[in-house]
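Trainee: I'd like to ask some things about the structure below.
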Amino acid sequence: MAQEYSGRFRRKNSTVPISNYLEGIKKGDRTVLAKAITLIESNHPDHFRAGQQLLKDIIPLSGKSVRLGITGVPGAGKSTFIDRFGTELCKMGKKVAVLAIDPSSTMTGGSILGDKTRMESLSREENAFIRPSPSSGTLGGVHRKTRESIMLCEAAGFDVILVETIGVGQSEVVVRTMVDMFFMLTITGAGDDLQGMKKGMMELVDGIIITKADGANKENAIRTRNEYSQILRFLRPATEGWQTKAYTCSSITGEGILDIWHVVQQFVKITIQSGIFFERRRKQTNDWLMTSIVEKLQQSFFQNEVIKEMLPVIQQDVEHGRLPVSAAVEQLMKLYLNEK
């Protein structure tokens, strides 16, 4: 069945009818799903129009997954955790998709090409889909493409979407705006300066997972968990009605992995009952709308021919103190709006 649909996609994306994408996605064809994500990631005008039509068509099929964000300190073993966690979920009959956000790719133009090799076990699962990070664009653009990729994965029947942050910094804030529940992974030793850890980061996540809780390190992991638990009690939770807690697990032995899934199930149940779950999704969709509007306006402004001609001149006036910044902005806006 997969070959039947995949065979239609040997041509370039722009020549493939939207109905073929839609048909393949409905069948859960991973090859077609990958092609569809490539389509929406493309900056080619024809691909963009086709991608937007496809997204419009799959809206009724999306929104039925649990979206989980995964971030972590260097060395915490995010990929190893996702590999084991995702594999266990697949064994339970779940369909798991892994998407990556890498802010560094917006500067280097590169992408994380090794996702599948970093998750050997999960990549072999028939009910798993692993997608490298979008390879170019602004962080806002990566945000949009990842949100759209989530929709496509949901339409293809994936009921657990894992969004992994590859880099550090802005990406955590971006991921928070697109997931239902957010975990931070850490290890023993990384919490030696717990007091110095960014309070904002700890208030951004719904759970802290201490990994590598096995062998001689197990007791240390439990101790670290208790230290985090003490601090978390005094911080504002990321989700109303949910107390952020610390947990331990081992990706090697599997101990604690299914406990994390039970925590996720409990979180979803509580937030759906309270109304927070869907309220957050509505706010996230509105955030996506506003972010997209700003990005589109910026693109239109800086691509305007008059602005491209006059901006360097006005910049010189500002740099040499001949024109206040506010006056420069007003002047540029008048030039831009007169062109509309």
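Trainee: Taking interchain pairs and intrachain pairs at least six residues apart, which have beta carbon atoms under 8 angstrom, with the first residue in segment 312-323 and more than 19 Å from F301 (Cα to Cα) and the second part of a loop (DSSP other than H, G, I, E, B) and among the hydrophobic types (A, V, I, L, M, F, W, C)?
Mentor: Between residues of segment 312-323 that are more than 19 Å from F301 (Cα to Cα) and residues that are part of a loop (DSSP other than H, G, I, E, B) and among the hydrophobic types (A, V, I, L, M, F, W, C), the close pairs are D317/L323.
Trainee: Follow-up question, since we're still on this one. Looking only at segment 324-340, filter to residues that are within 16 Å of Q299 (Cα to Cα) and of a type outside the set (A, V, I, L, M, F, W, C); which one of those is modelled with the highest pLDDT?
Mentor: Across segment 324-340, the extreme among qualifying residues is Y336.
Let's see how each residue does on (1) of a type outside the set (A, V, I, L, M); (2) within 19 Å of the chain's Cα centre (by Cα); (3) within 15 Å of V163 (Cα to Cα):
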residue	(1), (2), (3)
I25	no, no, no
G28	yes, no, no
H44	yes, no, no
Q53	yes, no, no
L68	no, yes, yes
S79	yes, yes, yes
K91	yes, no, no
K94	yes, no, no
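Trainee: I've got another one for you. Quick test for you: out of V318, V313, V325, V329, pick the one residue that is outside the structural domain of E240 (by TED's automatic domain parsing), over 30 Å from S65 (Cα atoms) and in contact with a Pro (Cβ under 9 Å, 6 or more places away or on another chain).
Mentor: V318
Trainee: List pairs: first residue in segment 211-232 and modelled with pLDDT of 95 or more, second residue surrounded by fewer than 16 Cβ atoms within 10 Å (Cβ to Cβ) and in a helix (DSSP H, G or I) anywhere in the structure, Cβ distance under 8 angstrom, at least six positions apart or on different chains.
Mentor: From segment 211-232, the pairs are A213/I222.
Trainee: Only one of (1) more than 20 Å from R282 (Cα to Cα); (2) at pLDDT below 95 fails for T146. Which number is that?
Mentor: With respect to (1) more than 20 Å from R282 (Cα to Cα); (2) at pLDDT below 95, T146 is out only on (1).
Trainee: Please work out if E125 is more than 24 Å from P237 (Cα to Cα) and either acidic (D, E) or modelled with pLDDT under 85 (or both).
Mentor: The answer is yes for E125.
Trainee: Continuing with this model, one more query. Of all residues being in contact (Cβ under 8 Å) with a residue 60 or more places away in the chain, among the hydrophobic types (A, V, I, L, M, F, W, C) and under 15 Å from R144 (Cα atoms) in segment 15-53, which is surrounded by the most Cβ atoms within 10 Å (Cβ to Cβ)? Just the residue, please.
Mentor: Per the stated criteria, the residue is A36.
Trainee: Go through (1) farther than 15 Å from F129 by Cβ; (2) out of contact with any helix residue (DSSP H, G or I) (no Cβ under 8 Å at 6 or more places or on another chain); (3) at pLDDT 95 or above one by one and return the number of the condition G28 breaks.
Mentor: The single condition G28 does not satisfy is (1).
Trainee: Are any residues in segment 295-340 closer than 30 Å to R144 by Cβ and among the polar types (S, T, N, Q), and if so, which ones?
Mentor: Hits for segment 295-340 are Q298, Q299, S300, Q303, N304, Q315, N338.
Trainee: Do any residues in segment 290-305 that are touching a residue at least 60 places away in the same chain (Cβ under 8 Å) have Cβ atoms under 9 Å from those of residues that are surrounded by 11 or more Cβ atoms within 10 Å (Cβ to Cβ) and of a type in the set (S, T, N, Q), where the two are at least six apart or on different chains, and which pairs are they?
Mentor: As it stands, the answer is T291/T177; E295/T138, since those pairs meet every condition given.
Trainee: Would you confirm whether or not segment 76-98 contains a residue that is outside the structural domain of L22 (by TED's automatic domain parsing), surrounded by fewer than 16 Cβ atoms within 10 Å (Cβ to Cβ), of a type in the set (K, R) and at pLDDT 95 or above?
Mentor: Yes, segment 76-98 contains a residue that is outside the structural domain of L22 (by TED's automatic domain parsing), surrounded by fewer than 16 Cβ atoms within 10 Å (Cβ to Cβ), of a type in the set (K, R) and at pLDDT 95 or above.
Trainee: While we're looking at this one, here's another question. Residue check: is I307 in the same structural domain as H143 (by TED's automatic domain parsing), at pLDDT 95 or above and aliphatic (A, V, I, L, M)?
Mentor: No.
The values are calculated or read from the model by the stated rules, or taken from the named source; none is laboratory data. These numbers were taken from a predicted model, which means no experiment stands behind them. Virtual Cβ from ideal backbone geometry, glycine too; neighbours counted across all protein chains shown.
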